[in-house]
1. If the cut-off is 26 Å between C-alpha atoms, which lysines fall inside it for residue B:152, apart from same-chain ones fewer than 8 positions away?
2. Relative to the longest principal Cα axis of chain B, at what angle does helix B:102-113 sit, 0 to 90 degrees, rounded to 10?
3. Could you please put C:334, B:286, D:15 in sequence from largest to smallest accessible area, using a 1.4 Å probe?
4. Which Cβ of chain C lies nearest the axis of the rotation superposing C onto D, and at what whole-Å distance?
5. Report, to the nearest 10°, how far helix C:63-74 tilts away from the longest principal axis of the Cα atoms in chain C, using its own Cα long axis and a range of 0 to 90°.
6. Work through the residues other than residue C:180 whose Cβ is under 13 Å from its Cβ and net out their charges, Lys, Arg +1 and Asp, Glu -1.
7. Whenever you get a sec, line up D:316, C:25 from highest to lowest accessible area (probe 1.4 Å, protein heavy atoms).
8. For peptide B:132-138, compute the average count of partner chain beta-carbon atoms within 10 Å of each residue's beta-carbon.
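The values are calculated or read from the model by the stated rules, or taken from the named source; none is laboratory data. Quick caveat: nothing in here was measured; it's all calculated off a predicted structure. Positions of Cβ are generated from backbone atoms using ideal geometry, with glycine treated the same way; all protein chains shown enter the neighbour counts. Side chains included, ligands, DNA and RNA excluded: accessible areas come from the protein's heavy atoms. Shrake-Rupley method; radii C 1.70, N 1.55, O 1.52, S 1.80 Å.
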Amino acid sequence: MAEPLAELRSEVAAFLAAEQATGRFAPRCDAWMRGVDRGFSQDLGRRGWLGITWPTAYGGRGQPHLARLVVTEELLRAGAPVASHWIAERQIGPAILRYGTEALKHELLPPIAAGELTFCLGMSESEAGSDLAAVRTVAQRDGDGFRVTGTKIWTTNAHRAEFAYVLAVTDSAAGKAGRLSEFVVDMRTPEVEVRPIYDLAGEHHFNEVFFDGAFVPEGRVIGTVGRGWEQVTAQLAFERGGPERFMSTYPLLQALAAGAERDASAAEAIGGLVARLRGLRTLAWETARRMDAGEAPAQAAAILKFLGTSYEQDLLETARRLLEPGSEATAAMLADVQLAMPGISLRGGSTEILAGIIAKDAEVAR
Amino acid sequence: MAEPLAELRSEVAAFLAAEQATGRFAPRCDAWMRGVDRGFSQDLGRRGWLGITWPTAYGGRGQPHLARLVVTEELLRAGAPVASHWIAERQIGPAILRYGTEALKHELLPPIAAGELTFCLGMSESEAGSDLAAVRTVAQRDGDGFRVTGTKIWTTNAHRAEFAYVLAVTDSAAGKAGRLSEFVVDMRTPEVEVRPIYDLAGEHHFNEVFFDGAFVPEGRVIGTVGRGWEQVTAQLAFERGGPERFMSTYPLLQALAAGAERDASAAEAIGGLVARLRGLRTLAWETARRMDAGEAPAQAAAILKFLGTSYEQDLLETARRLLEPGSEATAAMLADVQLAMPGISLRGGSTEILAGIIAKDAEVAR
Amino acid sequence: MTREEALLLERSLEEALAPLHPADWDPPDDGSLAAEAWALCAELGWDHAGLPEDLGGMGDDVGPLVILAQAAGRHPLAMPLVETALARWALATAGLEQPPEGAILTVAHDGDALALRPAPGGPEATGRLARVPWARHARALVAAGPDGALVVVDLEGPGAAVEPHVDLAGQARDDVVLDAVAVAAADGSEGRRAAALLAPRAEVLRSAQIAGALGRALALTREHTSRRSQFGRPLTRFQLVGAHLATMAAHAALVDAMLDDACRAEDDAALAASAGSLALIAAEAATEVARSAHQCHGAIGATREYQLHHFTRRLWSWRSDGGGERRRARTLGERAQAASAAELWAGTEPSPLRG
Amino acid sequence: MTREEALLLERSLEEALAPLHPADWDPPDDGSLAAEAWALCAELGWDHAGLPEDLGGMGDDVGPLVILAQAAGRHPLAMPLVETALARWALATAGLEQPPEGAILTVAHDGDALALRPAPGGPEATGRLARVPWARHARALVAAGPDGALVVVDLEGPGAAVEPHVDLAGQARDDVVLDAVAVAAADGSEGRRAAALLAPRAEVLRSAQIAGALGRALALTREHTSRRSQFGRPLTRFQLVGAHLATMAAHAALVDAMLDDACRAEDDAALAASAGSLALIAAEAATEVARSAHQCHGAIGATREYQLHHFTRRLWSWRSDGGGERRRARTLGERAQAASAAELWAGTEPSPLRG
């Protein structure tokens, strides 16, 4: 990696090591979903490590995607608490940058880059599952804006978010292509209500979010009314193509390498995992490079998530087999990952959905 | 196992050990498809070990299916050359016993039980794949019989067989239920032609068989004209439910246990395989017990084949990993199994087809 | 036990336990006891199932305990019914005194980690026992001691301390620390038999609990996938969903067959041999079934509101009980590597079929 | 090598090799040479690709050899083009003499199994080299000797014997038995560099051949599944077929990315590190892709009449070359277990991206 990137990596790693040493955080698997610490995100923002690819005019640093990849790799490697800004910085910022009005960019990108805003994703609905074409939430014109009505589910961090990204129907008569639009909804709008959903670990990250005619001003539309399908598809490439698809569990790999017995069985299993991790990092780098070249590598991103899920599941099984019965800390980490794994494997699209995308993009199957 | 069965097992095992010691055969994986030795089959027949469940009137011994299971387990364990009689004894005999006329039973069952007849299975067609409903071979009434016209493919041992079992359309206007009938076709009929197909190992077991108006007398119909679909479905339970679905590769397991290094990796992998083999044998015994109780456990048979294929594939991968680079004999056995495995995993229905049957029989999916 | 007795026991268990956990039920994860359920089971005498008939039990046969454990797997109630019944069987087998009615007992799998020392008042045990199920609630535990005797530890006496932990399902799995605790030890042939059979029976019973939970996970998945649609088609119409359902059904059938096999074992050695394979097969089934169940359920399956987690979290925990899969597989594998060809083959022979 | 040069080389290889194996082509499995193909490659000088430009090659960069090896994977011709090119590179790098034009050379992976003894006329080698590709056709082999020097063995000289074997694909994999055979050894720094890089380069090139064969297996499977129907629907409409195609495409993409990574390695140590992961990933891809390809093809795929076997049989053989996956994985794993946290992480860092 070119010099400045290596330097950036050292800086981020040094910062994280120091913060961890002071006890500010303990490495945790799946921390980009579960590790919520607004102050930590703000610290990253102050150092210029969020929105690093965005133009300086919007609070970014005009760096390549490879620089962002270096930062995210180090954050994930450390298991640092980055959930407060993650979704906003990963996919909402880029979507606004690509499709938003000048005013919206100036309003939202700088605070996202400062780590000051939490976004939640209002995509899924209980009857839609992975099928975004089945979204039923509607946004009806009302004066100089829209009124959003419907229910979103599996909305991570809705109870902590300033804003929701909402995918809604603006033309129910249109086909998939013209039916949907994207909105930024202020979560303080009175007609928005949040109900908690507890996950397998008994933690509260998911929510159900009810919109009962919540008003959204015209300026909070992302992109073009009716182009939501096309826009969100591009967004999913950002969502799937990052290293969180195989590095949610890096702290467990580290514990495994350090803690497993030194025998043939352990060495062979760990060797296989390490090789796969290198392969996945290489694919992620390649994906970032293609984004820098202006592409939207949707299939590469789907492949990354597809292989990443299988790697993370195999890592968990291997670690469980090799580390149990282990120390208290190891047992706790294993339990943490085990309870998170069903969620990890579904996020960004189930394996079944991804297989369809990969096969279809190769213009073969559906 | 009750006393007489244990005795039967010892007898068969002792015979096989003695024959192997004289060099009459060398243990080979997949020998029930590849190990062709008419004389050997006749020796088994002379000892009363073929058609053992059939009534004595037809050359059998009136024993339970568990006795047949004991014999087949020992034959497979030894990797003995049993392909000459296998298909005839496993599924054609039982089909004739169940549906055939008295004359047909007297004609064919005694020589099958004597190991003197080889049957080939004319089910698959090149455009039908696993879909028996798509069979196109027709059997047209002609005087006191039928004339069969069509092409069957993947017909194992057709070039060595006295008879072919043929599934053919007798009423092309009928639905699946009334469309098909089952015939026994004499392979010496002049209008039958056999073309070899070489497999991955370059061996000749498969064939394409052309029927160009081959005459079949009325008496060679199995069961009722038009009931072929129903009859063949019951036959598939016999085809799938036997120990050959996980014991094709037993000689490799034995070589693995004897030849692998003694380390943690080898012990853990071998331990897992041995436990699964015990589980599969238990399922196969249970399936045979249910046949003795008069059931046709089609779902249990599909489960056996489904789990058996995955066990055999894992055994091969484990053996390859643990035994290479190995001795010449081991390398040859590994190569043999590797080249046979695509065939092994497809025979009796691909995993995809079986999954459908298992899920469907549980009245759920299709 | 006749088939009728078995069905009767199964039905009584079903009728008593099913009403205790409604669909929206979500008990705490802190290792606490489902006291009402436990009281009911004790009142109905199910914890005595392993005792001789003259003591109110159903005899030495492992069958009734297996039915009990399957029910405990289908009904995810926080209580040591299986552990107590197993411990009472061991005490009776060893010729030791039965604790009072309603007492909670448990079983440790690593009794060989204890140091036993003779003392004036009888032997004393020192050491740490890891992850003992429900120890905090138990009056006593039984274990196979380092010298092969059955050891009974009074957990309420001086020198015994319990460090609380919970497993993935919020079930108590406590470390027990013993400092010169007076124990009862049965080292006659009956005591040794009970000690030697403790681990295999625990494996069989945990596998039976796994079987019960597998069945429920499969049933919930069938229900869910036949009720829900995606892309305009019911989930069951998707071939990959069918593949998951087939995987689940196949693994569940394999475990059931091996459970029957264990129940048919003709002697103690045969039971131990069957249990070793069964435990590995059940652990693998737990992994595969839980994965497929969650995959078919999607997000709803990963919530506390929906019932699936009661079963999958227990499957993840139970598969590791008794020392873990790796140790078990290695033991079986080392035996296979040392075996002659005839021993290897005989080692995979099922128990004789009856009728 | 510029991108244009790479494309040009790729196109020339494609145009020359593709016509040499028609769809119904089924050469013998006896380890014999595709003599016409070899003569053509030698005439076009491709076996010289690893030499310095002034010797008619394309330089020290591994890139041109990778393109050559990928083509050799796409075109299943029985010849040691990759081995000869690698051996010529090693000889040039070590400063040793090049054999005459058209000479067939090969490479042994287990040169440390040789015993080298000084003798009046120079060092002599004794020992057995296992499964050396194409040894029966080769004039000489190169290997890394036990002391780290590059060793060249004249296979036509006295004391050298070849025991013929074939691999799963009918390719010659011969044992070489040496009895006090006079060898050339380069033990200066250039010779040691060539010897140290021999195994990593062989791994990269075998992985490149695997990549070529993966691509062909995938293409054949796409073609087959889009052309054939079952139960009235094209195979590609079946979700499980889609899952197989996705598995194949994903593994192929992973191998391609790691091949690029190896080509970008900044120094010899980086190449060795990349090659270790690449070889494991390529071996796993070979297994997965071959399995899915056969599963999608059904019976036709398991015949000699259809082309798939040319690729899958080579995939099954190539994944084991150089000592096998188990040894490789263990080496990587032992290193990871001994590593500090920082080393573990750095050990998975890709080679720098260019542009």
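1. B:105, B:176, B:305
2. Result, in degrees: 20.
3. D:15, C:334, B:286
4. Closest Cβ to the C-to-D rotation axis, residue and whole-Å distance: C:239, 2.
5. 50 degrees
6. Its environment carries a net charge of -2.
7. From most exposed to least exposed: C:25, D:316.
8. Per residue, the number of nearby Cβ atoms from other chains is 1 on average.
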